[in-house]
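**Q** Could you have a look at this structure, given as structure tokens, before my questions?
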Amino acid sequence: MAAVEQAKQGAIRKAKSVTGSAVPEARVASLNPVVSPMLTDMYQLTMAYAYWRAGRHNEHAVFELFFRKCPFRGEYALFAGSDQVINLLQAFAFTDSDIEYLKSCPSLSSCEPGFFEYLRGLDASGVEVEALKEGAIAFPRVTLIKVSGPLAVGQLLETTLLNLVNFPSLIATNAARMRHVAGKNKRLLEFGLRRAQGPDGGISASRYAYIGGFDGTSNVMAGKLTGIAVSGTHAHAFVQSYVGWQNIKDPSLDHHSGDPSKSMNLVARVRSLKRGSGGRWDATNESECAAFVAYAQSFPNGFLALIDTYDTLCSGLENFIMVALALVEAGYKPIGVRLDSGDLAYLSRECRRRMDEAALEHKCPALTECVIVASNDINEEVILSLNNQGHAIDAFGIGTHLVTCQAQPALGCVYKLVEIEGEARIKLSQDIEKVMIPGEKKVYRLFGEGGQPLVDLVMKKSQAAPVPGQRILCRHPFQENKRAYVVPSRVEEMLSVIWDGPKGTSALPTPPDEARANALAQLEQMRKDVLRPLNPTPYKVSVSDELYAFLHELWQRNMPVPELK
């Protein structure tokens, strides 16, 4: 591991940003230390050897990474993971221990010694990588990442790049869909670490759910690594651990002002409120009330109680109100309640009603400002159902369905060779969806007069960029009758260089806040019928007239013509 770290640190020290400044090490930390050239499939190495043995390993090749179908039965995805791609490229090197292990692999036992020496000296200095912006909204067949450089290196990057992009993009998209149905004003918290696919899945989910529009996470390590806000209160176990008032050794609570003369016996005050309730609070669970008091003593500025340990309405909520009233008397502002079971629509409305009534009865407006947080197997469909039923939930804690992407466990990105030594290559299939658009390409987003995107236009690299105000023909890549002239009011080139090995420059990884802002801004400007969760309208991805003709000419040239007898 020491050799791995030395290689990584050396690569980081050499890397510079596209502005010429050194890349800060803290900004390029990998979310997983096993990310290296060894995180690959064996067939990438066997192909690399075959290229090397044939003397083709340094031929200039272009690979493109894209997806064919949008996830979650939708019509868009968010691109994420470029931060980890930059980290990989900076640290791309085989260590001595890597080489010794590869020599021991049966699949590589017949390889000549010179190949392993070639691998030992390999890095990403000959590669240029372009990518969409982190958080960009993306569509099928649009290039997410383009890799140009030596054939063998481009091949060796395939599996690792797919691994670094597939899950982050899927998580960000899942989060964005949940944000869309929840609305702008609801707080969304990622609670999925305990259900995630291992530590890496948990940390990646926290990082990329934030890009998709979530506000924070419960994952402490993710907060440390990424700077995302971390929050959390207590579980049922905390409430269960209290059997009565005897568990509270010190009943006092300092006043918010710090004035010692205003210090309160919180236990006595809450029990006094309970006795003076005219019977309303007589039946609440005493041990639960003691647990709430103890938690409020520890976090008087952050008192948010989980209220469904015993009975949500008859005990949990009423105990919360009692403790909240006492906290307000001591100068503090209670935060709210969390619901983790039951009919969330009904319970949230009832909690809101009872807290508002108590606010009027006790002349305590702070209760009207207390929030209601809901958890318990929340997903996109549940939020839609709650919206239809009507609810009073202010924040959602979402775990399993977010971090595991239960509705669709994989995005399905692919990585294809599109050009070798300047010659475009094509991959054909009986399935039209899998026919590849050949050659190195550029991608432009064309905007209409209202500022909304109209179409993503894929063009040959050699073509001049579309010009605002000038008409351009946009064609469906495979259906001849689907075409339209577009007069864009604005044109945006979608791919930009994030790594230029030959020049020794690297883009800085996009900070989470910036990536999140980019994602939310792009979603805001997209047509609502494209984003809607049910029966969305497909967004148009077109090719230029020149690329259309080239695609079909190459198709005809490479497709064998059967002979029938």
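**Q** Would segment 47-68 turn up any residue that is touching a helix residue (DSSP H, G or I) at 6+ places or on another chain (Cβ under 8 Å), open to solvent by 30 Å² or more (accessible area, probe 1.4 Å) and within 23 Å of residue 32 (Cα to Cα)?
**A** no
**Q** When segment 164-183 is examined, which residues are found to be at negative phi, over 14 Å from the mean Cα position of the chain (by Cα) and either surrounded by fewer than 22 Cβ atoms within 10 Å (Cβ to Cβ) or of a type in the set (Asp, Glu) (or both)?
**A** Going through segment 164-183, the residues at negative phi turn out to be 164-182.
When the remaining residues are screened for being over 14 Å from the mean Cα position of the chain (by Cα), the result is 180-182.
Within segment 164-183, 180, 181 meet the criteria.
**Q** Need a quick list: strands (runs of 3 or more DSSP E) entirely within segment 348-447 having at least 2 residues that are out of contact with any Cys (no Cβ under 8 Å at 6 or more places or on another chain), surrounded by 15 or more Cβ atoms within 10 Å (Cβ to Cβ) and of a type in the set (Phe, Trp, Tyr).
**A** 441-447
**Q** Still on this model: Applying the selection to segment 102-116, what residues are surrounded by 11 or more Cβ atoms within 10 Å (Cβ to Cβ) and over 34 Å from the mean Cα position of the chain (by Cα)?
**A** Kept after step one, since they are surrounded by 11 or more Cβ atoms within 10 Å (Cβ to Cβ), are these residues of segment 102-116: 102-103, 105, 107-108, 111-112, 115-116.
Answer for segment 102-116, where residues must be surrounded by 11 or more Cβ atoms within 10 Å (Cβ to Cβ) and over 34 Å from the mean Cα position of the chain (by Cα): 103, 105, 107, 108, 111, 112, 115, 116.
**Q** Return the pair list, or none, for Cβ contacts closer than 9 Å from residues in segment 208-226 that are of a type in the set (Lys, Arg) to residues that are surrounded by fewer than 24 Cβ atoms within 10 Å (Cβ to Cβ) and modelled with pLDDT of 95 or more, at least 6 apart or on different chains.
**A** 224/230
**Q** A follow-up question, please. For segment 531-565, enumerate the residues that are in a helix (DSSP H, G or I) and polar (S, T, N, Q). Step through it out loud before you land on a result.
**A** Filtering segment 531-565 down to residues in a helix (DSSP H, G or I) leaves 531, 545-558.
Across segment 531-565, the qualifying residues are 556, 558.
**Q** Something else now. Please verify whether segment 481-491 includes one or more residues that are surrounded by fewer than 20 Cβ atoms within 10 Å (Cβ to Cβ), out of contact with any Pro (no Cβ under 8 Å at 6 or more places or on another chain), at pLDDT 95 or above and aromatic (Phe, Trp, Tyr).
**A** Yes, that holds for at least one residue.
**Q** Look through segment 249-266, keep the residues that are in a helix (DSSP H, G or I) and over 44 Å from the mean Cα position of the chain (by Cα), and return whichever of them is surrounded by the most Cβ atoms within 10 Å (Cβ to Cβ). Explain how you work it out, then say what you get.
**A** Residues of segment 249-266 in a helix (DSSP H, G or I): 260-262, 266.
The next check asks that each one be over 44 Å from the mean Cα position of the chain (by Cα); those that pass are 260-262.
Values: 260: 8, 261: 6, 262: 14.
Applying the filter and picking the extreme gives 262.
**Q** Now, a different point. When residues of segment 492-519 are filtered for being in contact with a helix residue (DSSP H, G or I) (Cβ under 9 Å, 6 or more places away or on another chain), open to solvent by 60 Å² or more (accessible area, probe 1.4 Å) and closer than 22 Å to residue 175 by Cα, how many remain?
**A** Step one: of segment 492-519, the residues in contact with a helix residue (DSSP H, G or I) (Cβ under 9 Å, 6 or more places away or on another chain) are 498-499, 501, 504, 506-513, 515-516, 518-519.
If we keep only those that are open to solvent by 60 Å² or more (accessible area, probe 1.4 Å) as well, we get 508, 513.
From what's left, closer than 22 Å to residue 175 by Cα: 513.
Qualifying residue count, segment 492-519: 1.
**Q** Just to be sure I understand the filter: pairs with C-beta atoms under 9 Å, separated by 6 or more residues or on different chains, first member in segment 99-112 and within 19 Å of residue 37 (Cβ to Cβ) and among the hydroxyl-bearing types (Ser, Thr, Tyr), second member in a helix (DSSP H, G or I) and at pLDDT 95 or above. Which pairs pass?
**A** 107/42; 107/43; 107/45; 107/46
**Q** Within segment 287-326, which residues are in contact (Cβ under 8 Å) with a residue 60 or more places away in the chain and closer than 15 Å to residue 265 by Cα?
**A** The answer is 295, 326.
**Q** Going by the conditions given, is residue 94 in contact with a Pro (Cβ under 8 Å, 6 or more places away or on another chain) and open to solvent by 10 Å² or more (accessible area, probe 1.4 Å)?
**A** Numbers: in contact with a Pro (Cβ under 8 Å, 6 or more places away or on another chain): yes; open to solvent by 10 Å² or more (accessible area, probe 1.4 Å): yes.
Taking the combined requirement at face value, the residue satisfies it.
**Q** So which of 147, 129, 142, 153 ends up being over 15 Å from residue 102 (Cβ atoms), in contact (Cβ under 8 Å) with a residue 12 or more places away in the chain, out of contact with any strand residue (DSSP E or B) (no Cβ under 7 Å at 6 or more places or on another chain) and surrounded by 21 or more Cβ atoms within 10 Å (Cβ to Cβ)?
**A** Details: 147 fails: out of contact with any strand residue (DSSP E or B) (no Cβ under 7 Å at 6 or more places or on another chain); 129 fails: out of contact with any strand residue (DSSP E or B) (no Cβ under 7 Å at 6 or more places or on another chain); 142 fails: out of contact with any strand residue (DSSP E or B) (no Cβ under 7 Å at 6 or more places or on another chain).
The conditions single out 153.
**Q** Scan the helices (runs of 4 or more DSSP H) fully inside segment 198-247 and keep the ones with 1 or more residues being under 17 Å from residue 80 (Cβ atoms) and either of a type in the set (A, V, I, L, M, F, W, C) or more than 20 Å from the chain's Cα centre (by Cα) (or both). Explain how you work it out, then say what you get.
**A** Numbers: elements: 198-211, 220-226, 236-240.
Ranges flagged: 198-211, 220-226.
**Q** Looking at this structure, is residue 294 under 26 Å from residue 371 (Cβ atoms) and either open to solvent by 50 Å² or more (accessible area, probe 1.4 Å) or at pLDDT below 95 (or both)? Show your work before the answer.
**A** Numbers: under 26 Å from residue 371 (Cβ atoms): yes; either open to solvent by 50 Å² or more (accessible area, probe 1.4 Å) or at pLDDT below 95 (or both): no.
No: the conditions fail for residue 294.
**Q** What number goes with the only condition from (1) out of contact with any strand residue (DSSP E or B) (no Cβ under 7 Å at 6 or more places or on another chain); (2) of a type outside the set (Val, Ile, Thr); (3) touching a residue at least 12 places away in the same chain (Cβ under 8 Å) that residue 495 does not pass?
**A** (1)
**Q** Here's a check for you: in segment 155-187, which residue that is of a type in the set (D, E, K, R) and part of a helix (DSSP H, G or I) is nearest to residue 71 (Cα to Cα)? Before you say what the answer is, go through the steps one by one.
**A** The initial filter retains those residues of segment 155-187 that are of a type in the set (D, E, K, R), namely 158, 177, 179, 184, 186-187.
Remaining after also requiring part of a helix (DSSP H, G or I): 158, 177, 179.
Working: 158: 21, 177: 10, 179: 16 Å.
The qualifying residue nearest to residue 71 (Cα to Cα) is 177.
**Q** Another question about this same structure. Assess whether residue 287 counts as being among the polar types (S, T, N, Q), in a helix (DSSP H, G or I) and under 44 Å from the mean Cα position of the chain (by Cα).
**A** Details: among the polar types (S, T, N, Q): yes; in a helix (DSSP H, G or I): yes; under 44 Å from the mean Cα position of the chain (by Cα): yes.
So residue 287 fits the description; yes.
The values are calculated or read from the model by the stated rules, or taken from the named source; none is laboratory data. All values derive from a computational prediction rather than experimental measurement. So basically every Cβ, Gly included, is an ideal-geometry build from the backbone, and we count neighbours across all protein chains shown. Side chains included, ligands, DNA and RNA excluded: accessible areas come from the protein's heavy atoms. Shrake-Rupley method; radii C 1.70, N 1.55, O 1.52, S 1.80 Å.
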